[in-house]
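The values are calculated or read from the model by the stated rules, or taken from the named source; none is laboratory data. Note that this is a predicted model, so its numbers are computed, not measured. Counting neighbours? That spans all protein chains shown, and the Cβs are built from the backbone with ideal geometry, glycine included. All accessible areas refer to the heavy atoms of the entire protein, side chains included, with ligands and DNA or RNA removed. Shrake-Rupley method; radii C 1.70, N 1.55, O 1.52, S 1.80 Å.
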Amino acid sequence: MNAELSRPAADLLTEIESIAPPEGTCPPRAWLHSDAPVLSLNGTWRVRFSPSAAETPDDGWQTGTGSGKDWGDLTVPGHWALQPRAGQGTGAPWYTNVQYPFPVDPPHVPDDNVIGDHVTRFKLDDRFLPHARLRFGGVEAGATVWLNGERLGTIRGSRLTHEFDLTGFARAGDNVLAVRVFQWTAASYAEDQDMWWLPGIFRDVEVLARPVGGIEDVFVHADYDPSTGDGELTVEVSSDGAAVIDCPELGLSGVPADQRHPVAEVRPWTAETPHRYRVVVSTATEQVTLQVGFRRIEVVDAQLMVNGRPILLRGMNRHEFDPDHGRFVSPERARTELLIMKQHNVNAVRTSHYPPAAWFCDLADELGLWVMVENDLETHGFVSGHFDGDPAKEPAWRDALLDRMHRTVERDKNHPSVFCWSLGNEAGDGDNLAAMADWTNDRDPDRLLHYEGDQRSGKVGLWSQMYTSHADVLAIGEGREEPLADPELQRHRSGLPFVLCEYGHALGTGPGGMSEYQELFETHPRLAGGFVWEWIDHGIRTTDDHGREFFAYGGDFGEPLHDGAFVTDGCVFPDLTTKPALRDFKKVAEPVRISIADNRVTIRNGYDHRDTSHLSFVWTAGRKHGELDVPVLESGEETTMTLPRKAGSGTVTVSALIAEDLPWGEAGYEIAWGQRVAEPPPVPTVRPRRRLDDRGRLGPARFDGRHRLTSLFGVPVSGPELVLGRAPTHNDLARGTVRVGDGSADQVWQRQRLDLLQPRLLSATLTDGLEVRQRWGALGQQAAVITTMTWHADDDAVALSFRAEPEGPWGDYWARIGLEFVVDKVIKKVTWTGGGPGQAYPDCGQGARQGEWSATVDELQVPYLRPQESGARTKVSRLGLERGFVVTGEPFGFTVRPWSQAELVAAAHPHELPTTDRTHLIIDAAQHGVGTAACGPGVLPAYVLTPQPAALELVFTKR
Ligand code: IPT
């Protein structure tokens, strides 16, 4: 103990560094919808900050009004670092992933430890007396709580609910609530999740009236027997009064609690058919309403089964995040999130890596999503010391860790959506986790247990890994995994379904390889699917010195240690606009598969539990369209039918649409599609009628003395230049767990100097046009690409035939091979025929389909929070640049942006990209895949762009 500290400061430090469970709180229980009065204490509170325990005044503030010059206003719920007006020196948001932002010295915390003293005053009437509870939904990173100057206890477990009994503390009329919140506590060691460190009272604070003879807790068991269709309802009630159950829909009226009630022919709950029954539990003084879902979760023959049928998790890892409010997310916003998920064929959520706000599972119950509720536990940063001292194994932490799990399970135990509990994320392994597992299995045997950190998986119901390669997932699917040494553990694990609790890391452009995972999931019964990492970018909305708004990531607040943009790996942007990753996921995870061969359409129902009666099917071929009369298909059923003759023999799309409005999607909303793509039209032939004149004119094209284009149809254009490189994506910058060649893609490219190519003219021949042969060598390198560009023209068209041959010692692969044209004017809009509307790369872009598209150049860009290669469209046969020219060709890829690749590389945020008066057009013959090397396997072999000959046939016309 620090000898210089005054007694109160020393006591405060002891309290901050305590690893005991919270003190003075009520036993954890369900978050119930009761008719007992509730008083919300959300609103404007008074707050003052001290920079450390040693400097925290001990001045009787707990009964004060929070007035004086040190005090300011703060909105509760809210993180103080996101309310800079609340006070000076409160610390800024701080992002780290695995590493702790303080020395690993448990249970000690640094001296720099902002302490926020919060005060609010409120009135209570008789309804809250003599018994009431004070409930906190979440306080980071722990607190001490006083009511009317009397200490109620402590909060430990930032995303966990804490209740205090106010009996004997609360009084009629005015009350003063004082909460001392700490930036760091010993509990911070257990809360090392990959996210911003954001202290504060960030969830609701309420006073709950507790009637005498009321309902303390409820545990609903609603089983469904798939063989009979019958259910059984048991409602365990803890109350000091007699409780009865009512559910008119089930014919239950005033039946006793704590007994089994068989109910014939119930409609079961599934994520696809979220049918709930309203059950009311009453005592003489309180009524609690529950929304009950009947279902049975089992593991049978290593398959994850619900209600007797296997399910496939098409999941997302969801952090709670709002760009303005951090981990305070409003129910309205969360509902929007879940609607977006449902609309993109997401059927499951892992609440990474802590329990969400209490009402979250109500929304999941209502809208239909499988939820894995994860405990608030991660000790990842101990990895730097080989998990020495990891709370998961230190006996002194046992009670605190068990307490966390109790709070997690007890609060959410009545939700049908919750199919699984998770002990936490990345917390090593140890006896404390084993104790938590035992307790959970015992408390709630009707759900599965998950924990990825211990691969022996002895106490869990799902075998789980993260970022496993496709090859290893295949091996597991086929039961060919490396067996565990212990035969008993091996026997247990080989009987478990397998999930990827994280995969498809969605950082930046990508993720590549999702389809290949999905195919494995759909092929091997043992593979129960997974959860993409992750749902949302945690970018904090802020402004730069010029007042320009942007979404900040690690380092943008001057953090001395941080993990940069690694927190921007969501499928939606911070403002919930969708990223290409989500649109691709929607296609990859389609619950209905549609394929078309010749004029035969095959439709397969891939839902786990429901038929297709909620869908209608339409075909579209250009401007023609019509309905398809598809019989209702049961889960797993398939039908094949002939397309109407009217659909013709060209490109045709068959879509599955929502037939009538659903709670999460309007009639006409497309949930799945399949396409038959017609051969692209032949590239128009240009009969060479023009010769290069001595002023460099070749029909509508003009060239300079070095045979470089200077204009096309009067539009100033320079180039084309060979491009082999790209502005590295996050994935290109990382090594990946499975990779081709040595190091990251970017290193492979840097070694080849792909972005430093220099041309040398080999020959320029005047044929019936112009043939230019060049050698493109990289600075300092012997390897080269020999290109031949043959130009022809008539009065209205210019043809370019491009051939490229690599020569010499190239590295393992290129980023792309294409031609870059720089148009010396601003192009605002483009139209194209080909893949769209969104971006595509060889191993992603599943959401793109063949069609006629138009977009502004701005819309073509994907505003990843750190700029990088993005926005490519592929399989394009015609591209029109508004007030520019048109390019027709054998299918090519294009990228149109106002920036050079170097400008993209230089910008750390989208708002730093310069305003230019140029337009860069890259026409690609091929690109390298994107993979997920930033976290997981790199580009799969099929998508590696080895140095190889390439060709493009392009025709330029005015329109
Ligand atoms: C994994 C974490 O579980 C997750 O929270 C997130 O950090 C993710 O990585 C990367 O974005 S852990 C990693 C070391 C595999």
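Here are the numbers for the structure shown:
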quantity: Region 814-900 - charge dipole about Cα centre, Lys and Arg +1 at Cβ, Asp and Glu -1, debye rounded to 20; calculated: 100 debye
quantity: Kirkwood Rh and Cα Rg combined as Rg/Rh, region 273-323; calculated: 1.17
quantity: Distance (nanometres) between label positions extended 7 Å along Cα→Cβ at E519 and E23; calculated: 6.0 nm
quantity: Across K459/K586; K829/K958; K342/K413; K646/K829, pairs whose alpha-carbon gap is larger than 26 Å; calculated: K459/K586; K646/K829
quantity: Simple Cβ-charge dipole of region 81-235, Lys/Arg +1 and Asp/Glu -1, about Cα centre, in debye nearest 20; calculated: 820 debye
quantity: Solvent-accessible surface ranking, highest first, for S40, S34, S50 at 1.4 angstrom; calculated: S40, S34, S50
quantity: Mean separation of Cα contacts under 8 Å (6+ apart) over length of region 489-559, as relative contact order %; calculated: 28 percent
quantity: Carbon and sulfur %, accessible surface of the chain computed with the full protein complex present, 1.4 Å; calculated: 48 percent
quantity: Gyration tensor (Cα) of region 292-385, equivalent ellipsoid semi-axes in angstrom; calculated: 25, 20, 12
quantity: Dipole magnitude of the chain about its Cα centre (Cβ charges: Lys, Arg +1; Asp, Glu -1), debye to nearest 20; calculated: 4200 debye
quantity: Under Karplus coefficients 6.51, -1.76 and 1.60, residue-wise ³J(HN,Hα) of region 38-51 in Hz, glycine/proline x; calculated: 10, 10, 7, 9, 4, x, 8, 10, 9, 8, 9, 10, 10, x
quantity: Computed E for S253/E216 - FRET, C-beta separation, R0 25 angstrom, nearest 0.05; calculated: 0.60
quantity: Most to least packed among 567-576, 468-477, 702-711, 135-144 [average Cβ atoms within 10 Å]; calculated: 135-144, 567-576, 468-477, 702-711
quantity: Distance in nm between pseudo-label sites at T915 and E637 (7 Å out along the Cβ direction from Cα); calculated: 6.0 nm
quantity: Convex hull volume per residue in cubic angstrom - Cα atoms of region 620-668; calculated: 111 Å³
quantity: Relative contact order computed over the chain (Cα-Cα under 8 Å; 6+ residues apart), in percent; calculated: 9 percent
quantity: Radius of gyration and Dmax over the Cα atoms of region 598-705, both given in Å; calculated: 23.2, 73
quantity: Value of relative contact order over region 165-257, rounded to a whole percent, pairs C-alpha under 8 Å and six or more apart; calculated: 17 percent
quantity: Globularity index of region 122-255, i.e. its alpha-carbon radius of gyration over 2.2 N^0.38 Å; calculated: 1.40
quantity: Kirkwood Rh, Cα atoms: Rg over Rh of region 831-884; calculated: 0.96
quantity: Region 395-458: equivalent-ellipsoid semi-axes (sqrt of 5 x gyration tensor eigenvalues, Cα, Å); calculated: 19, 14, 10
quantity: Label point distance in nm, D795-E55, each placed 7 Å from Cα along Cα→Cβ; calculated: 8.2 nm
quantity: For region 838-846, Karplus couplings with θ = phi - 60° (6.51, -1.76, 1.60), whole Hz, Gly/Pro x; calculated: x, 6, 8, 10, x, 10, 8, x, 4
quantity: Debye log10 I(q)/I(0) at q = 0.17 Å⁻¹ for region 802-959, Cα point scatterers; calculated: -1.09
quantity: ³J(HN,Hα), Karplus 6.51/-1.76/1.60, whole Hz, each residue of region 220-227, x for Gly, Pro; calculated: 8, 10, 10, 8, 10, 9, x, 6
quantity: Selected from G648, G66, S352, residue furthest toward positive end of dipole (the chain; charges at beta carbon); calculated: G648
quantity: Diffusion constant of region 641-798 at 25 °C, which comes from Stokes-Einstein with the Kirkwood Cα-pair radius and 0.890 mPa s, µm²/s; calculated: 118 µm²/s
quantity: Value of [θ]222 nm, deg cm²/dmol, for the chain, DSSP H segments ≥ 4, -39500 (n - 2.57) each, nearest 500; calculated: -3500 deg cm²/dmol
quantity: Under-5 Å amide H pairs with A672, H placed in peptide plane, nonlocal only; calculated: A656
quantity: Paired Rg and Dmax values of the chain, which use every Cα atom, in angstrom; calculated: 31.2, 103
